[in-house]
Amino acid sequence: MIRVMVVDDHPMWRGAVSSDLQQAGFEVVAEAGAGDEALRRAEATRPDVVVLDLQIPVLGGVEVTRRLAESDSRTRVLILSASAEQLDVLAAVKAGAAGYLVKSASREELLDAVRRTAAGDAVFTPGLAGLVLGEFRRLSGASRAAEPVAPQLTERETEVLRLVAKGLSYKDIADRLVLSHRTVQNHVQNTLRKLQLHNRVELVRYALESGLDGTDET
């Protein structure tokens with residue numbers, strides 16, 4: 001059972017999200033309404049996924065994300081925010097968020113996002129991934145974006161990395177490339193080892209910073 005903590009300073013919204021998660025079979029191990037409270041309860045309960053609003057008192061969502069990423073790599077953060085502003089999304093991803101969903105998302109989209117986040121996928125509300133990629137490319141510069149990402153990667157590993165950067169799940173990547181699920185996992189693990197990264201969140205951040213947007217994929 002996936003263990004989830006819900007963090008939002010609006011009690012009714014927080015309760016509704018927790019209720020939806022519980023009804024879908026998730027174990028809601030804690031709730032919190034402020035950043036400091038969230039960190040204490042995360043340390044005590046060790047959730048698999050923290051569903052976190054950005055606009056919370058005491059410590060904002062970005063700072064909570066950063067501290068959670070630094071303290072426990074097993075806990076993944078899924079931002080659930082009313083804001084779809086590019087700067088908010090970018091700040092959350094740079095802090096270590098595994099995904100970003102807007103509050104207008106449907107119940108089914110939220111449940112799917114929590115499942116995928118727990119599985120190690122990078123999950124974004126449609127359209128936001130492209131915004132983040134564009135900003136990373138702008139900051140890194142066109143010349144860097146045109147350079148090979150990692151000469152030590154094989155062609156297939158680079159191809160898988162491009163799809164990881166788009167937020168596709170292992171299953172989606174396997175279907176797209178006509179590979180087995182295990183083969184995709186092996187390519188991801190080899191890429192992590194070669195790049196000296198620890199998990200898929202770091203891999204996605206690396207891909208974003210390297211300008212891998214996969215816009216030529218259909």
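Worth a mention:
- Subset of segment 62-87 (residues that are touching a Phe, Trp or Tyr at 6+ places or on another chain (Cβ under 8 Å) and farther than 20 Å from ASN199 by Cβ): SER81
- Test: residue in segment 25-40 that is in a loop (DSSP other than H, G, I, E, B) and free of Cβ contacts under 8 Å to residues at least 12 places away in the same chain: no
- Residue within segment 165-176 that is under 22 Å from ALA95 (Cα atoms), open to solvent by 60 Å² or more (accessible area, probe 1.4 Å) and in contact with a Lys or Arg (Cβ under 8 Å, 6 or more places away or on another chain) present: no
- Test: residue in segment 23-39 that is within 23 Å of LEU168 (Cα to Cα) and touching a strand residue (DSSP E or B) at 6+ places or on another chain (Cβ under 7 Å): yes
- Residues of segment 102-117 that are under 19 Å from VAL64 (Cα atoms), aliphatic (A, V, I, L, M) and buried (at least 22 other Cβ atoms within 10 Å of the Cβ): VAL114 alone.
- Identity of the residue in segment 72-89, within 17 Å of PRO126 (Cβ to Cβ) and at pLDDT below 90, that ends up most open to solvent (accessible area, probe 1.4 Å): GLU85
- Every listed requirement among (1) open to solvent by less than 40 Å² (accessible area, probe 1.4 Å); (2) at pLDDT 80 or above; (3) of a type in the set (Asp, Glu); (4) part of a helix (DSSP H, G or I) is met by ASP121 save one, (4).
- Hey, VAL184 modelled with pLDDT under 75, among the hydrophobic types (A, V, I, L, M, F, W, C) and buried (at least 19 other Cβ atoms within 10 Å of the Cβ) or not: no
- When ASP88 is tested against (1) under 20 Å from GLU202 (Cα atoms); (2) touching a Lys or Arg at 6+ places or on another chain (Cβ under 8 Å), exactly one condition is not met: (2).
- The set of residues in segment 10-24 that are without any contact (Cβ under 8 Å) to a residue 24 or more places away in the chain and either assigned to a strand (DSSP E or B) or farther than 15 Å from GLN55 by Cβ (or both) comprises MET12, GLY15, ALA16, SER18, SER19, GLN22, GLN23.
- Within segment 189-206, the set of residues being outside any helix (DSSP H, G or I) and more than 14 Å from ALA119 (Cα to Cα) comprises GLN196, LEU197, HIS198.
- Of the residues contained in segment 166-174, one or more are found to be among the aromatic types (Phe, Trp, Tyr), in contact with a helix residue (DSSP H, G or I) (Cβ under 9 Å, 6 or more places away or on another chain) and at pLDDT below 85.
- Count of residues meeting criterion [under 15 Å from LEU80 (Cβ atoms) and open to solvent by 40 Å² or more (accessible area, probe 1.4 Å)] in segment 20-57: 3
The values are calculated or read from the model by the stated rules, or taken from the named source; none is laboratory data. Just so it is clear, the structure is predicted and the values come from calculations on it, not from any experiment. Cβ sites come from the backbone with ideal geometry, for glycine too, and all protein chains shown count toward neighbours. Surface accessibility is based on the protein's heavy atoms, side chains included, excluding ligands, DNA and RNA. Shrake-Rupley method; radii C 1.70, N 1.55, O 1.52, S 1.80 Å.
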